[in-house]
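**Q** One structure, as structure tokens, below. Some questions next.
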Amino acid sequence: MDPILFVHGFGANERQYQPIIRYLEQKGIKNFYEFIYDSSVGLHPIKTIAKELSEYIAENMKEENINIIGISQGGIIALAYLKYYKNKNVKKLFTLCSPHKGSRLANILNLPGIIDLRPNSKLLKELEAFAQDQKIDIYSVYTPFDLMVFPGWNARTKYGKTKIVFAPAHPVAFFWPATKIFIYKNLK
């Protein structure tokens, strides 16, 4: 199995995806990488973080093919990496509650990394156009009860394979049983 790289979301860290790692380890998958970045205040534009992701991959991942699981903002960072800085063959990209169409909450703060996540932002439009033409497998998971990516259906994509999970909140969807099963089945 190709290695899996996790990219956490805004204001989070590696604890955000540990339940997914534990589940995949129980299924025999063991090769994981974790990209940790400063996500506390939204001062850095998404493209800047995507460049840091590219540098992390170049320095740490020797495998030719990889899979990426991006959680919330991490999914948008991963898409930006694919568009602007790709240096590895990404087989599959999973985005979990990522604001592909933006979040209305992003209108509250006027910070570069948050502005990128506003509905109809230039970056999100560029990424959507890019992703529709890609030859990689893209999978997205969303919950209609998401109050971070608001409204929740803004985490759906027009491309790839989408899974709705009825998790009661944004962070719960990351480790919801249906989410973990969806990831595992589609990694094979």
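Since every read-out is calculated from the coordinates, none of them should be taken as a lab result. Quick caveat, the model's predicted, so the values are computed rather than measured. FYI the Cβ positions are ideal-geometry reconstructions off the backbone, even for glycines, and counts take in every protein chain you see.
**Q** Put +1 on the Cβ of each Lys and Arg and -1 on the Cβ of each Asp and Glu in the chain; which of GLY160, GLY11, VAL41 then has its Cα farthest toward the positive end of the dipole?
**A** After comparing all options, I get GLY160.
**Q** Where does the chain land at 222 nm, in deg cm²/dmol rounded to the nearest 500, when only DSSP H runs of n ≥ 4 count, each adding -39500 (n - 2.57), divided by all residues?
**A** Values: 7 runs with 64 residues, N = 188.
Calculated mean residue ellipticity at 222 nm is -9500 deg cm²/dmol.
**Q** In addition: If you take the beta carbon distance between PHE145 and LYS62 as r and set R0 to 35 Å, what does 1/(1 + (r/R0)^6) give as a FRET efficiency, to the nearest 0.05?
**A** Details: r = 40 Å, r/R0 = 1.15.
That pair, PHE145 with LYS62, gives E of 0.30.
**Q** Could you let me know the centre-to-centre spacing of the stretch 33-68 and the stretch 71-105, using Cα atoms, in angstrom?
**A** Here the two parts' Cα centres lie 11 Å apart.
**Q** Moving on to the next point. List the lysines whose Cα lies under 20 Å from the Cα of LYS91, skipping any in the same chain that are fewer than 8 positions away.
**A** Here the lysines satisfying the reach criterion relative to LYS91 are LYS27, LYS30, LYS51, LYS62, LYS83, LYS135, LYS158, LYS161, LYS163, LYS180, LYS185, LYS188.
**Q** Next up: Taking the inverse of the average 1/r across all pairs of different Cα atoms in the chain, what Kirkwood radius in Å do you get? Write down the numbers at each step before the final one.
**A** Numbers: mean 1/r = 0.0623 Å⁻¹.
Result for the chain, one decimal place: 16.0 Å.
**Q** Rounding to the nearest 20 debye, state how big the charge dipole of the stretch 4-187 is about its Cα centre with +1 on each Lys and Arg Cβ and -1 on each Asp and Glu Cβ.
**A** Numbers: 24 positive and 15 negative charges, 118 e Å.
Using Cβ point charges on Lys, Arg, Asp and Glu, the stretch 4-187 gives about 560 debye.
**Q** Taking amide H positions as placed in the peptide plane 1.01 Å from N, state which residues far from ILE66 in sequence (5 or more) or on other chains have amide H under 5 Å from it.
**A** Close amide H contacts, sequence-distant or interchain: ASN89, VAL90, LYS91.
**Q** If amide hydrogens are placed 1.01 Å from N in the peptide plane, which non-local residues have theirs closer than 5 Å to the one on SER98?
**A** Those qualifying (amide H under 5 Å, at least 5 residues apart or on another chain) are SER72, VAL141.
**Q** Here's a follow-up. Restrict the search to the stretch 146-175; then list the trypsin sites (Lys or Arg not before Pro) that DSSP places in a loop and that have at most 13 other Cβ atoms within 10 Å of their Cβ. Intermediate values should be presented prior to the final figure.
**A** Working: sites: ARG156, LYS158, LYS161, LYS163; in loops: ARG156, LYS158.
Qualifying residues, ordered by number: LYS158.
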